[in-house]
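**Q** I have a structure here, written as C-alpha coordinates, and I will follow up with some questions on it.
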Amino acid sequence: MSEQRLIRVELPEEPPAPSAFAEADRRQAIADLLSANHFDPPNLPPGPYALAVMVREGRLVLDIRDVDNRPLHVLALALGPFRRLIKDYHLVVEAHERAVAESGPESRVQAIDMGRRGLHNEGAELLRQRLKGRVDVDFETARRLFTLVCALHQRI
(Lines give C-alpha, C1' and ligand atoms only; values in the text may rest on other atoms or scores of the structure.)
Protein backbone atom coordinates (compact mmCIF):
# COMPACT_ATOMS: atom_id res chain seq x y z
CA MET A 1 0.00 0.00 0.00
CA SER A 2 1.26 3.47 -0.86
CA GLU A 3 2.66 5.59 1.93
CA GLN A 4 1.04 8.64 0.33
CA ARG A 5 -2.14 8.14 2.28
CA LEU A 6 -4.04 9.15 5.38
CA ILE A 7 -3.96 6.90 8.41
CA ARG A 8 -5.88 9.22 10.74
CA VAL A 9 -8.57 11.84 10.18
CA GLU A 10 -9.73 14.09 12.98
CA LEU A 11 -12.64 16.49 13.20
CA PRO A 12 -13.15 19.09 15.94
CA GLU A 13 -14.72 17.87 19.16
CA GLU A 14 -18.26 19.11 18.77
CA PRO A 15 -21.78 17.96 19.52
CA PRO A 16 -23.17 15.20 17.31
CA ALA A 17 -24.54 16.13 13.90
CA PRO A 18 -28.17 17.31 13.79
CA SER A 19 -29.52 13.93 12.66
CA ALA A 20 -28.64 10.29 13.03
CA PHE A 21 -28.28 10.05 9.24
CA ALA A 22 -25.80 12.95 9.13
CA GLU A 23 -23.77 11.47 11.98
CA ALA A 24 -23.72 8.04 10.30
CA ASP A 25 -22.71 9.69 7.00
CA ARG A 26 -19.79 11.42 8.73
CA ARG A 27 -18.64 8.24 10.50
CA GLN A 28 -18.90 6.23 7.28
CA ALA A 29 -16.95 8.85 5.31
CA ILE A 30 -14.10 8.67 7.83
CA ALA A 31 -14.12 4.85 7.85
CA ASP A 32 -14.16 4.70 4.02
CA LEU A 33 -11.46 7.35 3.80
CA LEU A 34 -9.17 5.44 6.13
CA SER A 35 -9.76 2.12 4.36
CA ALA A 36 -8.68 3.46 0.95
CA ASN A 37 -7.29 6.84 0.00
CA HIS A 38 -4.57 8.65 -1.90
CA PHE A 39 -3.21 11.79 -0.25
CA ASP A 40 0.05 13.17 -1.61
CA PRO A 41 1.16 16.68 -0.61
CA PRO A 42 4.21 17.67 -2.67
CA ASN A 43 7.25 19.06 -0.91
CA LEU A 44 6.45 17.26 2.33
CA PRO A 45 8.23 14.23 3.75
CA PRO A 46 6.76 10.92 2.60
CA GLY A 47 3.62 9.76 4.41
CA PRO A 48 1.56 8.30 5.80
CA TYR A 49 -0.22 11.34 7.21
CA ALA A 50 -2.72 12.41 9.81
CA LEU A 51 -5.22 15.08 8.86
CA ALA A 52 -7.24 17.40 11.05
CA VAL A 53 -10.14 18.96 9.12
CA MET A 54 -11.90 22.03 10.47
CA VAL A 55 -13.67 25.22 9.50
CA ARG A 56 -12.20 28.45 10.83
CA GLU A 57 -13.19 32.01 9.93
CA GLY A 58 -15.01 30.92 6.79
CA ARG A 59 -12.16 28.74 5.58
CA LEU A 60 -11.68 25.03 5.26
CA VAL A 61 -8.51 24.20 7.18
CA LEU A 62 -6.53 21.04 6.47
CA ASP A 63 -3.88 20.52 9.11
CA ILE A 64 -1.47 17.88 7.74
CA ARG A 65 0.61 16.05 10.32
CA ASP A 66 3.01 13.14 10.38
CA VAL A 67 2.24 9.81 12.07
CA ASP A 68 3.58 11.16 15.36
CA ASN A 69 1.16 14.11 15.13
CA ARG A 70 3.91 16.65 14.40
CA PRO A 71 2.67 19.53 12.22
CA LEU A 72 3.87 19.45 8.61
CA HIS A 73 1.68 21.96 6.77
CA VAL A 74 -1.62 23.79 7.14
CA LEU A 75 -3.79 24.59 4.12
CA ALA A 76 -6.66 27.06 4.26
CA LEU A 77 -9.18 27.10 1.41
CA ALA A 78 -11.96 29.64 1.03
CA LEU A 79 -15.37 28.01 1.50
CA GLY A 80 -17.10 30.44 -0.86
CA PRO A 81 -16.77 28.24 -3.95
CA PHE A 82 -18.29 25.32 -2.00
CA ARG A 83 -21.26 27.11 -0.42
CA ARG A 84 -23.84 26.39 -3.13
CA LEU A 85 -22.86 22.73 -3.29
CA ILE A 86 -22.91 22.40 0.50
CA LYS A 87 -26.33 24.06 0.71
CA ASP A 88 -27.72 21.85 -2.07
CA TYR A 89 -26.16 18.78 -0.44
CA HIS A 90 -27.91 19.52 2.86
CA LEU A 91 -31.24 20.05 1.07
CA VAL A 92 -30.89 16.70 -0.69
CA VAL A 93 -29.94 14.94 2.55
CA GLU A 94 -33.03 16.40 4.25
CA ALA A 95 -35.21 15.29 1.33
CA HIS A 96 -33.70 11.81 1.55
CA GLU A 97 -34.36 11.61 5.29
CA ARG A 98 -37.98 12.72 4.77
CA ALA A 99 -38.53 10.22 1.94
CA VAL A 100 -37.17 7.37 4.06
CA ALA A 101 -39.15 8.45 7.16
CA GLU A 102 -42.36 8.71 5.13
CA SER A 103 -41.70 5.29 3.60
CA GLY A 104 -41.97 6.94 0.22
CA PRO A 105 -41.71 5.01 -3.01
CA GLU A 106 -38.35 3.36 -3.56
CA SER A 107 -38.03 5.17 -6.90
CA ARG A 108 -38.24 8.54 -5.10
CA VAL A 109 -35.57 7.54 -2.58
CA GLN A 110 -33.33 6.30 -5.41
CA ALA A 111 -33.81 9.51 -7.41
CA ILE A 112 -32.88 11.61 -4.39
CA ASP A 113 -29.85 9.41 -3.76
CA MET A 114 -28.75 9.85 -7.38
CA GLY A 115 -28.95 13.62 -6.90
CA ARG A 116 -26.86 13.32 -3.76
CA ARG A 117 -24.23 11.29 -5.61
CA GLY A 118 -24.16 13.92 -8.34
CA LEU A 119 -23.51 16.64 -5.78
CA HIS A 120 -20.79 14.49 -4.22
CA ASN A 121 -19.14 14.14 -7.60
CA GLU A 122 -19.33 17.87 -8.28
CA GLY A 123 -17.97 18.64 -4.81
CA ALA A 124 -15.14 16.14 -5.28
CA GLU A 125 -14.11 17.71 -8.57
CA LEU A 126 -14.19 21.20 -7.06
CA LEU A 127 -12.12 20.05 -4.09
CA ARG A 128 -9.57 18.41 -6.39
CA GLN A 129 -9.33 21.67 -8.38
CA ARG A 130 -8.88 23.74 -5.22
CA LEU A 131 -6.18 21.36 -3.93
CA LYS A 132 -4.33 21.16 -7.25
CA GLY A 133 -0.62 21.78 -6.72
CA ARG A 134 -1.08 21.58 -2.94
CA VAL A 135 -2.27 18.01 -2.36
CA ASP A 136 -2.87 15.29 -4.92
CA VAL A 137 -5.98 13.29 -4.04
CA ASP A 138 -7.83 10.72 -6.08
CA PHE A 139 -11.52 11.11 -6.88
CA GLU A 140 -12.80 8.81 -4.11
CA THR A 141 -10.64 10.51 -1.50
CA ALA A 142 -11.99 13.89 -2.64
CA ARG A 143 -15.59 12.58 -2.43
CA ARG A 144 -15.11 11.44 1.16
CA LEU A 145 -13.38 14.67 2.13
CA PHE A 146 -16.27 16.62 0.61
CA THR A 147 -18.66 14.65 2.85
CA LEU A 148 -16.63 15.79 5.85
CA VAL A 149 -16.64 19.39 4.64
CA CYS A 150 -20.44 19.21 4.48
CA ALA A 151 -20.61 17.65 7.95
CA LEU A 152 -18.45 20.42 9.40
CA HIS A 153 -20.37 23.15 7.64
CA GLN A 154 -23.60 21.74 9.05
CA ARG A 155 -22.40 22.51 12.56
CA ILE A 156 -21.43 26.14 11.98
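The values are calculated or read from the model by the stated rules, or taken from the named source; none is laboratory data. Because the structure is a prediction, the values reported are computed rather than measured. Please note: Cβ atoms are built from the backbone with ideal geometry, for glycine as well, and neighbour counts cover all protein chains shown. Please note that ligands, DNA and RNA were not included when accessible areas were found on the heavy atoms of the full protein model with its side chains. Shrake-Rupley method; radii C 1.70, N 1.55, O 1.52, S 1.80 Å.
**Q** Find, to one decimal place in angstroms, the Kirkwood hydrodynamic radius of segment 4-156, where the mean of 1/r is taken over every pair of different Cα atoms and then inverted.
**A** Result for segment 4-156, one decimal place: 16.0 Å.
**Q** According to a simple spin-label model (label point 7 Å from Cα along Cα-to-Cβ), what is the distance in nm between K87 and A36?
**A** 3.5
**Q** Another question, if that's okay. Share of segment 1-145's accessible area from carbon and sulfur, percent, 1.4 Å? All intermediate terms of the calculation are to be shown ahead of the outcome.
**A** Values: 4110 of 7890 Å².
With neighbouring chains kept in place, the figure for segment 1-145 is 52 percent.
**Q** For the chain, with every protein chain kept in place, what is the accessible area per residue (1.4 Å probe, Å²)?
**A** Numbers: 8220 Å² over 156 residues.
On a per-residue basis, 53 Å².
**Q** Still on this structure, please answer the following. Which Cα, out of L131, A22, L33, lies furthest along the positive dipole direction of the chain (beta carbon charges, K/R +1, D/E -1)?
**A** L131
**Q** Another question, then. Residue by residue, what Karplus-based ³J(HN,Hα) values in Hz, rounded to whole numbers, does segment 36-51 have, using 6.51, -1.76 and 1.60 with θ = phi - 60° and x for Gly and Pro?
**A** Coupling constants for segment 36-51: 7, 7, 10, 9, 9, x, x, 6, 10, x, x, x, x, 10, 10, 9 Hz.
**Q** Let me ask something additional. Please compute the modelled spin-label separation between R56 and A76, points set 7 Å along Cα→Cβ, answer in nm with one decimal.
**A** In this crude label model, A76 to R56 measures out at 0.7 nm.
**Q** Ok, one more. E106: accessible area at probe 1.4 Å, nearest 10 Å²?
**A** E106 has an accessible surface of roughly 120 Å² with all protein chains in place.
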